[in-house]
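Engineer: Below you'll find the structure I mean.
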Amino acid sequence: MGRHGDRNSKGSLGCGCFLMLFVLAGWGFTFLIFPKIPDYDEAMRDGERVPGTVVRIETVENVTINNKHPRKVVYRYGEDQEGTMTMALDESAKEGQTVQVRVLGQYAYPEGIRPLAQPGWLKVVLIGGALLAVLFIGFGILRLLVIGGALFAAGRGLAKRQDPNQPPPPPPPPAA
């Protein structure tokens with residue numbers, strides 16, 4: 001067994017691939033868990049303010065985050081238009097509560113009630129993990145290229161030592 005023969009490690013290439021799979025699984029998990037809130041920031045910044053009312057609060061039973069079920073707020077605004085949004089876990093609203101709704105195109109979100117959204121730190125961690133995985137994979141590929149180049153050079157060196165233009169060695173003398 002060689003110096004590294006007793007290790008079970010696959011090196012940086014295997015580590016990078018494993019980390020990339022872990023990051024992709026994490027990204028998929030967050031994609032499934034956190035609700036989509038398209039154009040939320042734009043609507044809150046540029047949307048038209050319209051008076052609205054909280055119609056009801058619904059508990060989302062099939063999701064548990066930190067032993068809590070998120071709640072969905074259903075609100076009515078404008079001329080009999082209705083919208084829903086999953087509230088952040090620490091947010092609360094009451095049925096009949098008056099709210100201002102920011103409307104931008106087809107999207108409408110109530111002011112003063114934060115939505116359940118993917119935390120910014122989680123996105124940074126996932127992007128950092130993906131960059132680290134790419135770095136590991138790059139080092140692994142570079143290592144394979146260096147090893148392959150060294151083997152190629154060694155093979156050429158051996159081939160040059162065995163010059164095909166050189167006559168073969170003479171046969172051994174006959175035994176008497």
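Engineer: Criterion first (small (G, A, S), part of a helix (DSSP H, G or I) and either at positive phi or touching a residue at least 60 places away in the same chain (Cβ under 8 Å) (or both)) does G14 satisfy it?
Structural biologist: In short, yes.
Engineer: For the stretch 139-165, what are the residues that are closer than 24 Å to G11 by Cβ and free of Cβ contacts under 8 Å to residues at least 40 places away in the same chain?
Structural biologist: Let us first name the residues in the stretch 139-165 that are closer than 24 Å to G11 by Cβ, namely 139-155.
Once the filter is applied, which keeps residues that are closer than 24 Å to G11 by Cβ and free of Cβ contacts under 8 Å to residues at least 40 places away in the same chain, the stretch 139-165 yields L142, L145, V146, I147, G148, G149, A150, L151, F152, A153, A154, G155.
Engineer: Still on this model: Looking only at the stretch 134-157, which residues are open to solvent by 100 Å² or more (accessible area, probe 1.4 Å) and hydrophobic (A, V, I, L, M, F, W, C)?
Structural biologist: Let us first name the residues in the stretch 134-157 that are open to solvent by 100 Å² or more (accessible area, probe 1.4 Å), namely 139, 143-145, 151-152, 156.
Scanning the stretch 134-157 gives F139, L144, L145, L151, F152.
Engineer: Are any residues in the stretch 107-124 open to solvent by 20 Å² or more (accessible area, probe 1.4 Å) and either closer than 13 Å to P70 by Cβ or of a type outside the set (A, V, I, L, M, F, W, C) (or both), and if so, which ones? Steps first, answer last, please.
Structural biologist: Going residue by residue through the stretch 107-124, those that are open to solvent by 20 Å² or more (accessible area, probe 1.4 Å) are 107, 111-112, 114, 117-124.
Listed by number, the residues that qualify are Y107, E111, G112, R114, A117, Q118, P119, G120, K123.
Engineer: Search the stretch 14-38 for residues being in contact with a strand residue (DSSP E or B) (Cβ under 9 Å, 6 or more places away or on another chain) and surrounded by 15 or more Cβ atoms within 10 Å (Cβ to Cβ), and hand back the single one that is nearest to L104 (Cα to Cα). If you could, list the steps in order and put the result at the bottom.
Structural biologist: The first filter runs over the stretch 14-38 and keeps only residues in contact with a strand residue (DSSP E or B) (Cβ under 9 Å, 6 or more places away or on another chain), leaving 33-35, 37-38.
Within this subset, residues satisfying the condition of being surrounded by 15 or more Cβ atoms within 10 Å (Cβ to Cβ) are 34-35, 37.
Numbers: F34: 22, P35: 19, I37: 13 Å.
Only one residue fits best here, namely I37.
Engineer: Right, next: Can you name the residue in the stretch 42-88 that is assigned to a helix (DSSP H, G or I) and either among the aliphatic types (A, V, I, L, M) or modelled with pLDDT under 85 (or both) and, of all such residues, is surrounded by the most Cβ atoms within 10 Å (Cβ to Cβ)?
Structural biologist: Initial filter on the stretch 42-88 (assigned to a helix (DSSP H, G or I)): 42-46.
From the residues that got through so far, the ones that are either among the aliphatic types (A, V, I, L, M) or modelled with pLDDT under 85 (or both) too are 43-44.
Numbers: A43: 20, M44: 15.
Filtering first and then ranking leaves A43.
The values are calculated or read from the model by the stated rules, or taken from the named source; none is laboratory data. Nothing here was measured: the structure is a model prediction, and the numbers come from that model. Glycine also receives a Cβ, built like all others from the backbone with ideal geometry; neighbour counts cover every protein chain displayed. For accessibility, only protein heavy atoms count, side chains too; no ligands or nucleic acids. Shrake-Rupley method; radii C 1.70, N 1.55, O 1.52, S 1.80 Å.
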